[in-house]
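The values are calculated or read from the model by the stated rules, or taken from the named source; none is laboratory data. Just so it is clear, the structure is predicted and the values come from calculations on it, not from any experiment. Cβ coordinates were reconstructed from backbone atoms using ideal geometry, including for glycine residues, and neighbour counts include every protein chain displayed.
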């Protein structure tokens, strides 16, 4: 990810940039989860991961939420490679949360890496998106996923709770 970090260049102060050490792809956001639900969620996520083959992904192409880059709230990079596989994995993670009784938003999965958020109502990042649209990073193997507890605030903290291996190709044969 160092190549993406350097490709971003100077950080625009109209945005709150996610520190590179906190970059991650969210498969499902569960919000507040009762501690008592974590063991069942962990078990269900482990089963879903074990049924999902390892995959190859890469960062490529920039975008925003909402799509109008002239008033973006979030600046992100997309994913290339085995996008159907990571989408299926995200669906399995969402199903695991729902079956555990955890409410999750009902919206399509859009695989991305959040880079920055607007400080106000929105930021004009059209030039930034245009510059990132041609970025194609190196591919990497995705062989596991991690259940993370996030503490939001002035300094966001991500605490790993459990990791789950994806199925190796040998186990898929």
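Structural remarks
- Matching residues in segment 20-59 - criterion: being in a strand (DSSP E or B) and under 15 Å from residue 112 (Cα atoms): 56, 57, 58, 59
- For residue 98, the conditions (1) crowded, with 16+ Cβ neighbours inside 10 Å; (2) within 30 Å of residue 40 (Cα to Cα) all hold with the exception of (1).
- Filter result (surrounded by 16 or more Cβ atoms within 10 Å (Cβ to Cβ) and over 19 Å from the mean Cα position of the chain (by Cα)) within segment 16-47: 38, 44
- Qualifying residue in segment 122-133 (condition: exposed (fewer than 13 other Cβ atoms within 10 Å of the Cβ) and at positive phi): no
- In summary, strands (runs of 3 or more DSSP E) completely within segment 62-173 and bearing 2 or more residues that are closer than 22 Å to residue 10 by Cα occur at 74-81, 112-118, 136-142.
- Against the numbered list (1) in contact with a helix residue (DSSP H, G or I) (Cβ under 6 Å, 6 or more places away or on another chain); (2) modelled with pLDDT under 90, residue 20 comes up short only at (2).
- Contacts under 9 angstrom Cβ, first residue in segment 31-54 being touching a residue at least 60 places away in the same chain (Cβ under 8 Å) and at positive phi, partner surrounded by fewer than 13 Cβ atoms within 10 Å (Cβ to Cβ) and in a loop (DSSP other than H, G, I, E, B), 6 or more apart: 31/103; 31/105
- Verdict on residue 104 being surrounded by 13 or more Cβ atoms within 10 Å (Cβ to Cβ), farther than 30 Å from residue 126 by Cα and touching a strand residue (DSSP E or B) at 6+ places or on another chain (Cβ under 9 Å): no
- Which numbered condition residue 59 fails, given (1) touching a residue at least 60 places away in the same chain (Cβ under 8 Å); (2) surrounded by fewer than 18 Cβ atoms within 10 Å (Cβ to Cβ); (3) within 29 Å of residue 164 (Cα to Cα): (2)
- Where a residue in segment 101-123 is without any contact (Cβ under 8 Å) to a residue 60 or more places away in the chain and its partner, wherever it lies, is surrounded by fewer than 18 Cβ atoms within 10 Å (Cβ to Cβ), with Cβ under 6 Å and at least six apart: 122/71; 122/73
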